[in-house]
Structures are given as C-alpha cells and as structure tokens.
Amino acid sequence: MLRLNRTAVLVLLGTTSLLFLLFQLYYYRHYLSKHGTHASYDKSIQLDSGQHLQVVKKFLDLISRYSLAVFLVDVATLGRLSQRPAQPRGSQANEHHCSLLCSSRGFTTFAMLAKFWKYDASLAKTASELGLELLEIQGKDPRLVGLDDLSSTEIPLHLLFRSSQHLVHLVVFYERSGNYLWHGALRLKPGMDREFAPFRRLDFGRQAGAFDRPELVLSSLDGLDVWIPKNVSRFLIEHSQSRFLECRYKGARAFYQLYPDDTSPESMEFRMKAKTLLHLAAQVLTGLGVPFWLSSGTCLGWFRQCNVIPYSKDVDLGVWIKDYKPEIIQAFQTSGLPLKHKFGKVEDSLELSFQGQDVKLDIFFFYEEGDIVWNGGTQAKSGKKFKYVFPRFSLCWTELLQLRVRVPCETLDYVEANYGPTWKIPVKTWDWKSSPANVQENGVWPVREWNEVIQVY
Ligand SMILES: *[C@@H]1O[C@H](CO)[C@@H](O)[C@H](O)[C@H]1NC(C)=O
C-alpha cells in the first residue's frame, strides 16, 4: 500500500515538474520573441566585459611577475561586492563568469603601496609584450615640500595600463607622517595623450586623497585571487570623504617674510604643548567615532602659516552637533583633560572647553541651517549669547604637526568669514565677542536656564 502510494506521489511530482519545465520553455520562447533585441544587447555587454576581465587578468599576471602587491580599490566593483558576501577563495563557481570585475565603465582601479615598489625599467616592456600600453603619471613628492624647501622630486603617482578600450588604473599610495596613506592628484603633463583614458571619470585622481591604512583580505572575484579591503563599506565611505589639501607652503613663506616667526622658548614650548593636546584630542574623538576639524585660530594658523599661532593660547576644534555624544566629556576627563566649562545645550549653542597643560582645548559645535552653518558663544557673567555664521562647507583632510586632521575644504571662505578680508595680518589683541567678522549678538539666556547652559569649573 505504502509503496504504491509513494510511487504514485513520485510520478505525480515528476509530471508536475515536467509540466513546469514545459511552461518555462514556452514562456521563455514567447518572452524572447517579444524582447529579442534586449537579449542580444545584454549578450554584447557580456562579451565586452569578458574582454575586460582578460585585461585585468593580464595586469595581475604582470604585477605578479614583478612581485608587486596590489589591492582592489575599484569603487564600482567594491560597491557590487558590498551588496553580497565574498566567495570563499579557491571557489571555482565563477571561473568563467564575470559578475564583479567586469565593468561597463571600461576601467578597474587597483592601488599599491609605494614602499613595496622598486622601479624596474623593464615593466613597460613586459607590459607591452602582454599587450598592455603603459602611461605613467608623475607629480611632486609632497613629503619633501615644506617651509624650508619648496622644491621637490617627481615620484610616480598613477600608472595606467590599457588594452584597446579597457583600462586598469593603478594608484600609488605613499605613507606620510601622521601614519596615513596619501595619493596624489592625476595631472597630465603637456604632450601627454589626453585620450589615453577617461580621466574625468576615474575613481581616483581628480584630487589628492588620504586614507587610513586598510586591513586587507585575499578574496576570490570572478575566479581571480585579489586582495581587497577587509571592511568594504568602510573603505567606500572613506573614499567618498578622502579629499586631501596640502598646506599653502608658498603663502606661509610669504607670510613669514613679512612677519618673521616667533621662535622664543615660550613660543616653542606653547607649540609643543599645542601639538600634544591636538594629538590627544584627535585620539579621544576618533576613538569615539566623532569627526572634527580645525576651527577658528587653529584653522587660521594652518591656512596662513602651516603651523599653530604661538600667541593663540588654545586649540580650537569644530564638530557637527549631529555627531555630539555625551561620552565626549567623560572620555576627555579620563585622558587627563578636565572639563573647564560647558556653555549652551545640545539644542542651542553648545561649546565645551577642556583644560590641558597651560593650553585650553575648545570644541565648538556647529549647527546646520539652510545654506549657512553657525556655532554659538556665551558670556558667562552676563548670559549673553553670540552667534558665528559661516557659509556651508565640506570637510577635507590635511596634515598639521604630524597629524592627519580635517579642515573645511573651502578654507578661504571659512577663514574670511571668521577673520574678514584682512586675515593675513596678525592681530594679537582679539576679543571673541567683537573681533570676529561673523559675530552676531544673539540675545540672552533666560536666567532660569543659567544652571544648565553656563557651567564653569
Ligand atoms: C565596517 O565599517 C562600518 C563603517 O565604519 C562599521 O559600521 C562596521 O561595523 C564595520 N564592520 C565590521 C565587520 O567591522
């Protein structure tokens, strides 16, 4: 009985799946006859991507012959990858099928660390034997540029490998003081082939960039073993915020010619302490995942003279109010920086001040409002409120005192808003309530709120 039944069920199942298969076949034929053009269009894209994968393969072959270590930084590929888990290495499933590295953009981007690269003149020749044309783009080595020396040597910044319309872009990353990776902007020299690559569309090189050293993992993409950033989404976020600004060394030199630097022992000591404080503040805020930028006098010092202004007495940082966390106060206290005062509240004009060794750390919280941003000020004895208004800005990386820090990318607008058109002229007597070009009176805190909004320790 049971046996018969089971056979019957199997037959029934078989018939059902056969019927289903027939239906699918019918549907597919019907679909194809209606959408035939689409199908062939997709096929031609596939063919093209297959060729692209071959070029990537050749590039990786070349790279391994020279024992160069490269990792994938291609924004489109990493974006696709972040949408799905990586294949375990050695998996054969996708050997001939290209779903990640093939690109309708026609280029794939890798990066390498300069310190692992020994220049070998035969690279271009071997590349050409593999059918790859090489274009090397050099630029100034920023690590050699400083206030003392504006000259520099040329270093390789970008290598482009091309085979017909397919391109592999290799970005050279350099380690810089402050323990971060830097890549240069891609600038063509006169006489270079402007048609060599879709330069404007490349993921890297429109401007210089700075990154944390990424942790890498070996991954199998379309059957190729490729190193990729371990945390792909973090890398993609970093990439979108990676723009790097070099200090204006020429401008700073001109400034010091007009106003020679104060190299007295007191001034040197202040700079040492400001540097220690800035490094500590960066460690605390970065540890909490709170982005910050150089603000007020500290930003002016970087922009005008590539250093801390010796008579400024404090270090000023800006933080978006949306990034405020109550843990900030505790974290600074634990690091040996007691809270000196807290003015305002999260909803309005928040400002924190911590006491370092003879140097004060001011953290101003910025509020976004339409096409402006502002931060507040509070006078403790009168309860008067002030408001400092800036045009909107985005954030860029730079380096100050061997530290990678952010500054407003539109630094001139920021500095001019704060200090007016005469920002290049040093001013030693400064009143935060009246001197700034962008200060506005903003009423008085109601007395009943004073306990909360005026806390002085
Ligand atoms: C990857 O980075 C993102 C963004 O920084 C973070 O939120 C996430 O926790 C990280 N994932 C892992 C597994 O570390």
Using Cα atoms only, what is the angle between the long axis of helix 2-65 and the major principal axis of the chain, expressed in degrees (0 to 90) to the nearest 10?
60 degrees
Taking the inverse of the average 1/r across all pairs of different Cα atoms in the chain, what Kirkwood radius in Å do you get?
26.3 Å
Between region 328-354 and region 386-406, what's the alpha-carbon centroid distance in Å?
19 Å
Here the averaged projected area of region 197-283, based on the convex hull of its alpha-carbon atoms and given in nm², is 10.0 nm²
Test of understanding: what is the full-extension gain from residue 126 to residue 57, defined as 0.36 nm times their sequence separation minus their Cα-Cα distance?
23.4 nm
Show 351, 154, 215 ordered by accessible area, largest first, where the area counts protein heavy atoms only and the probe is 1.4 Å.
215, 154, 351
In degrees rounded to 10, the 0-90 angle between helix 249-258 Cα long axis and the longest Cα principal axis of the chain is 10 degrees
Estimated distance in nm for a label pair at residue 447 and residue 240, the labels positioned 7 Å out from Cα along Cα-to-Cβ
5.0 nm
Ordering 319-327, 421-429 by per-residue average of other C-beta atoms within 10 angstrom, highest first, gives 319-327, 421-429
Given a Förster radius of 25 Å and the C-beta distance between residue 379 and residue 325 as r, what FRET efficiency does 1/(1 + (r/R0)^6) yield to the nearest 0.05?
0.40
What's the FRET efficiency of residue 216 with residue 176 using the Cβ-Cβ distance as r and R₀ = 25 Å, to the nearest 0.05?
0.85
Starting from 0.36 nm per residue, how many nanometres of slack lie between residue 424 and residue 267 once their C-alpha separation is accounted for?
54.5 nm
Label residue 346 and residue 67 with points 7 Å out from Cα along Cα→Cβ: what is the distance between them in nm?
5.5 nm
What is the diffusion coefficient of region 249-456 in µm²/s, taking the Kirkwood radius over Cα pairs and the Stokes-Einstein relation at 4 °C with a viscosity of 1.567 mPa s?
74 µm²/s
Note to self: C-alpha centroids of region 208-275 and region 165-187 sit apart, in Å, by 12 Å
Helix 296-305: inclination vs the chain longest Cα principal axis, degrees, rounded to 10, gives 80 degrees
With all protein chains present, region 249-456 has a carbon and sulfur share of its accessible area (1.4 Å probe) in percent of 54 percent
Of all DSSP beta bridges in the chain, what percent run antiparallel (nearest 5)?
80 percent
Average accessible area per residue (Å²) across the chain - probe 1.4 Å, nucleic acids and ligands excluded:
53 Å²
Cross-link list 340/428; 118/230; 340/384; 360/424; 250/433; 345/381: which exceed 22 angstrom alpha carbon to alpha carbon?
340/428; 118/230; 360/424; 250/433
Per the helix-only model, the chain has a calculated mean residue ellipticity at 222 nm (DSSP H runs of ≥4, -39500 (n - 2.57) each, divided over all residues, rounded to the nearest 500) of -11000 deg cm²/dmol
Those residues of region 429-457 whose amide nitrogen sits under 12 Å from the label point placed on residue 372, 7 Å along Cα→Cβ:
438-442
At R0 = 45 Å the Cβ-Cβ FRET efficiency linking residue 134 and residue 84, nearest 0.05, sits at 0.85
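The values are calculated or read from the model by the stated rules, or taken from the named source; none is laboratory data. Computed from a predicted structure; not experimentally measured. Every residue, glycine as well, gets a Cβ built from its backbone with ideal geometry; the counts of neighbours run over all protein chains shown. Side chains included, ligands, DNA and RNA excluded: accessible areas come from the protein's heavy atoms. Shrake-Rupley method; radii C 1.70, N 1.55, O 1.52, S 1.80 Å.
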